Amino acid sequence: MAHRVVVMGVSGSGKSTFALRLAHALGGSFIEGDEHHSMESQDKMRRGIALSDRDREPWLDRLSDCLGASAGTTVLSCSALKRSYRARLRGSVHGLMFVYLDIGLPEAIERVSQRRGHEFPTALVADQFAALESPAGEERVLCLSAGQTVERNVEEAIEWIRTQRQ
């Protein structure tokens, strides 16, 4: 059975690492959401300017198209910070599941500050926390601690995904 999963959370939560490992464990493909931002949005982030809803809407549509065009199980890394963003993705992709990697602000800042060659500046982490609307309690959402090991989170996610109905 093919699954569509979005791994979400703020910058520094480990979305990309976790999503890639989860895709591999499920025998599926991985989509790095950050690779689908427009050039204008990438430039804004490099300059430390937070993206607006208007910046994110076409990006979310591109990600929906990517998920819809993929064959088989697909795991996408995407911040999906707001309910409206998740609703937009859900509206385009039937049976979409979300795995939320929860992390505290100090740890996220520490992780982002350790990155090399990544265009997302540490200064924008607090903006992401301000925009974040927790998905806890939403349908088809698994909440995991970013403080657990990737391996443990992958195990928990696989168990949960296998219990979900399309």
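Taken together, the values in this text are just the output of simple stated rules run on the coordinates, not laboratory data. From a predicted model like this one, the values you see are computed outputs, not experimental measurements. Glycine also receives a Cβ, built like all others from the backbone with ideal geometry; neighbour counts cover every protein chain displayed.
Using amide H atoms built in the peptide plane, which far-off residues or other-chain residues are under 5 Å from VAL7 H to H?
LEU76, SER77, CYS78, VAL99
Return the loop-located GluC sites (Glu not before Pro) in the stretch 67-119 (DSSP other than H, G, I, E, B) with at most 10 other Cβ atoms within 10 Å of their own Cβ; answer none if there are none.
Counting only loop positions with at most 10 other Cβ atoms within 10 Å, none of the GluC sites (Glu not before Pro) in the stretch 67-119 qualifies.
Once you order the gyration tensor axes a ≥ b ≥ c over the Cα atoms, which shape class does the stretch 1-84 get: rounded for a/c under 1.5, otherwise prolate or oblate by comparing a/b with b/c?
Cα axes put the stretch 1-84 in the prolate bin.
Hey, if you put +1 on the Cβ of every Lys and Arg and -1 on every Asp and Glu Cβ in the chain, which of SER29, MET45, GLY72 ends up farthest toward the positive end of that dipole?
Checked the options; the winner is GLY72.
Full extension from ARG54 to THR163: what is 0.36 nm times the residue separation minus their Cα-Cα distance, to one decimal in nm?
Value of the extension gain: 35.7 nm.
Name the shape class, rounded, prolate or oblate, that the alpha-carbon gyration tensor gives for the stretch 4-163, where a ≥ b ≥ c are the square roots of its eigenvalues, rounded holds for a/c under 1.5, and otherwise prolate holds if a/b is larger than b/c and oblate otherwise. Write out the running numbers ahead of the final one.
On the way: a/c = 1.55, a/b = 1.20, b/c = 1.29.
Since a/c reaches 1.5 but b/c is at least a/b, the shape of the stretch 4-163 is classed as oblate.
Give me the percent relative contact order of the chain, please, defined on Cα pairs under 8 angstrom at least 6 residues apart.
Dividing the mean separation by the residue count of the chain yields 36 percent.
Which value, in debye to the nearest 20, gives the size of the charge dipole of the chain about its Cα centre, when Lys and Arg are +1 and Asp and Glu are -1 at the Cβ?
160 debye
Label points 7 Å out from Cα along the Cβ direction at GLU156 and ALA123: separation in nm?
Each label point is offset 7 Å from its Cα along the Cβ direction, giving 3.4 nm.
What is the spin-label model distance, in nm, from HIS94 to GLU110 if the labels are put 7 Å beyond Cα along the C-beta direction?
That separation, rounded to one decimal, is 4.5 nm.
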